[in-house]
Amino acid sequence: MRLRNVPGAEEYVASHPLVIKNAARYRGNWKDTFEHPDNPIHIEIGMGKGKFLLTLAKDNPSINYIGIEQYSSVLVRALEHYDKDEEYADMDNIRFLCIDAKDLPEVFSVGEVEKIYLNFSDPWPKERHSKRRLTSRQYFERYDKILAFDGIVEFKTDDRELFDFSLEQIDLAGWVLLAKTYDLYHDPTMSRGNVMTEYEEKFNAQGHPIHKLIAMRQ
């Protein structure tokens, strides 16, 4: 995936007070990075420009959120939204990490995360890259190492092939599929309380059906 270089992005991310640096040192103690440490922790992996997670954090002050993005050139857009949009002012229940998702078990300890959101993840269409997909069996093994006992993963995409692949991987990983839909906006149960991402708004406007699944461990 080729990303456009954003001048000053690395410096902006490195100096931002809500971006946690040297993340591994907080492994097992992430609650202490928040103003309300007793709140559960939910994370979004590959948060893009941040609209989804920022909206969740604003609407759910009793939950602590961590947005994870590998590239500073992408994360900087979410930070700019947080800094400049008045609707997000004074939120104290959100933090950010600029890390590779494969390092999650080194950053979070067992049971530290209660929910993982995956939204419109890179499909890595070539078969030789399948292990890099965030819904591959290899990634479900990583999620198993950080989720609470009853923790769940929620995944949305407009990519039918990636969605079908994800369903197969859930079974291979020994997880349980709790719910699925191939057309989120025509499913009154699955769409209840749905928060759109930037990509979701674009694809929905183009008439692409949005697929969603919810899974947990056995």
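Side notes on the structure shown:
- Residues of region 48-78 satisfying the condition of being aliphatic (A, V, I, L, M) and either touching a His at 6+ places or on another chain (Cβ under 8 Å) or touching a residue at least 40 places away in the same chain (Cβ under 8 Å) (or both): LEU53, LEU54, LEU56, ILE63, ILE66, VAL74, LEU75, VAL76
- Failed item in (1) assigned to a strand (DSSP E or B); (2) more than 19 Å from TYR199 (Cβ to Cβ), with GLY67 passing the rest: (2)
Matching residues to (1) farther than 19 Å from LEU134 by Cα; (2) out of contact with any Leu (no Cβ under 6 Å at 6 or more places or on another chain); (3) at pLDDT below 95:
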| residue | (1), (2), (3) |
| --- | --- |
| MET1 | no, yes, yes |
| ALA9 | yes, yes, yes |
| TYR26 | yes, yes, no |
| HIS36 | yes, yes, no |
| GLY48 | no, yes, yes |
| THR55 | yes, yes, no |
| GLU106 | no, yes, no |
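- Leading residue by the ranking (most open to solvent (accessible area, probe 1.4 Å)) among those in region 200-217 that are part of a loop (DSSP other than H, G, I, E, B) and out of contact with any Phe, Trp or Tyr (no Cβ under 7 Å at 6 or more places or on another chain): GLN206
- Scan of region 7-42 for residues that are of a type outside the set (Phe, Trp, Tyr), in a helix (DSSP H, G or I) and crowded, with 17+ Cβ neighbours inside 10 Å, ordered by number: ALA9, VAL13, ALA23
- Pairs linking a residue in region 79-105 that is touching a residue at least 12 places away in the same chain (Cβ under 8 Å) and within 18 Å of GLU69 (Cβ to Cβ) to a residue that is crowded, with 20+ Cβ neighbours inside 10 Å and β-branched (Val, Ile, Thr), with Cβ atoms under 6 Å and 6 or more positions apart or on different chains, are ARG95/ILE66; PHE96/VAL19; LEU97/ILE68; CYS98/VAL13; ALA101/ILE45; LEU104/ILE146.
- Residues in region 46-64 that are within 14 Å of the chain's Cα centre (by Cα) and in a loop (DSSP other than H, G, I, E, B): GLY46, MET47, GLY48, LYS49, GLY50.
- Hits in region 83-104 (condition: on the phi < 0 side of the Ramachandran plot and at pLDDT below 95): ASP83, LYS84, ASP85, GLU86, GLU87, TYR88, ALA89, MET91, ASP92
The values are calculated or read from the model by the stated rules, or taken from the named source; none is laboratory data. Values in this document were obtained by computation on a predicted structure and should not be read as measured data. Positions of Cβ are backbone-derived with ideal geometry, glycine not excepted, and every protein chain shown enters the neighbour counts. Just so you know, the surface numbers come from the protein's heavy atoms only, side chains and all, with ligands and any DNA or RNA stripped out. Shrake-Rupley method; radii C 1.70, N 1.55, O 1.52, S 1.80 Å.
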